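This report refers to the structure that appears directly beneath it.
The values are calculated or read from the model by the stated rules, or taken from the named source; none is laboratory data. Predicted model only: the values in this text are computed from it and were never measured. Note: ideal-geometry Cβ built from the backbone for every residue, glycine included; neighbour counts use all protein chains shown.
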Amino acid sequence: MRIVRQAMYLEVADRLRAMIDDRTLSPGAWIDEVALAGSLGTSRTPLREALKLLAAEGLVRLEPRRGCFVNALTEQDLDEIFPLMALLEGRCAFEAARNASQADLDALEGLHAQLARFAQAGDIDAYYETNYQIHEAIQRLAGNRWLSGVVSDLRKVLRLSRHKSLKLPGRIHESCAEHLSVFSALKAHDSEGAEALMKTHVLRQRGALRTLDRAETVPPIPKFG
């Protein structure tokens, strides 16, 4: 029974991550455990175990006497996480450039072709998912389980901001160009170049988010006449 119960809470955790990712559970929202357990068709026990797991991942927070809330990343959170992600993902690219076989590069070629098509079409959702697959593929090619574990945990948290940076005009095309540059370095097995380009790519995501935040906080100019 213990193994079955563990499998249940892990399944519930996966479903909750998907609901947070697609904004069914939006940032800052209070989680109604009774209603959510009912909609998921489970009891509250595996739901609570799943919420504890997501709290450890930084996706939700548990507040005494108030309940559970979906986390919302602050500007300070983003300022702290993105430089760290740049270092970590840069290292992934460094190691991937050393390890990638021709078959690996051929698989990445297909993903980058998709990425370019979605960028050209302005399809942010499809672009984001393909971009995510590319980052995960480079992480796997690095072959460093310790590095992979840390990157995966932080990447889950950053999905709270989802693809907001791609809403900045022109950013989707800049992002695509950055990815193609990283891929060129991978194909050349240029570890240091891939690392530097990946760091730049990640930090420019933060820059795009900062620009968007400033634009959203500037009051509109009143119109007269």
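Annotation note: of Ser26, Ser101, the sole residue that is at pLDDT 90 or above and among the hydroxyl-bearing types (Ser, Thr, Tyr) is Ser101.
Of all positions in segment 35-47, at least one carries a residue that is among the basic types (Lys, Arg) and over 18 Å from the mean Cα position of the chain (by Cα). Of all the listed residues (Leu78, Leu186), the sole one being over 23 Å from Ala208 (Cα atoms) and touching a residue at least 12 places away in the same chain (Cβ under 8 Å) is Leu186. Of all the listed residues (Ile124, Ile134), the sole one being touching a His at 6+ places or on another chain (Cβ under 9 Å), under 30 Å from Leu36 (Cα atoms), touching a residue at least 12 places away in the same chain (Cβ under 8 Å) and in the same structural domain as Pro169 (by TED's automatic domain parsing) is Ile124. In segment 61-68 there is at least one residue matching the filter, namely being crowded, with 17+ Cβ neighbours inside 10 Å and more than 25 Å from Ile124 (Cα to Cα). Mind counting the residues in segment 42-56 that are farther than 15 Å from Ala7 by Cα and out of contact with any Lys or Arg (no Cβ under 9 Å at 6 or more places or on another chain)? Total satisfying the criteria: 1. The number of residues in segment 7-36 that are in a helix (DSSP H, G or I), of a type in the set (Asp, Glu) and without any contact (Cβ under 8 Å) to a residue 40 or more places away in the chain comes to 3.
Evaluated against (1) in contact with a strand residue (DSSP E or B) (Cβ under 7 Å, 6 or more places away or on another chain); (2) within 19 Å of Val202 (Cα to Cα), Phe69 falls short on exactly one condition, (2). Within the set His135, His189, the sole residue that is at pLDDT 95 or above, within 18 Å of Gly90 (Cβ to Cβ) and not in a helix (DSSP H, G or I) turns out to be His189.
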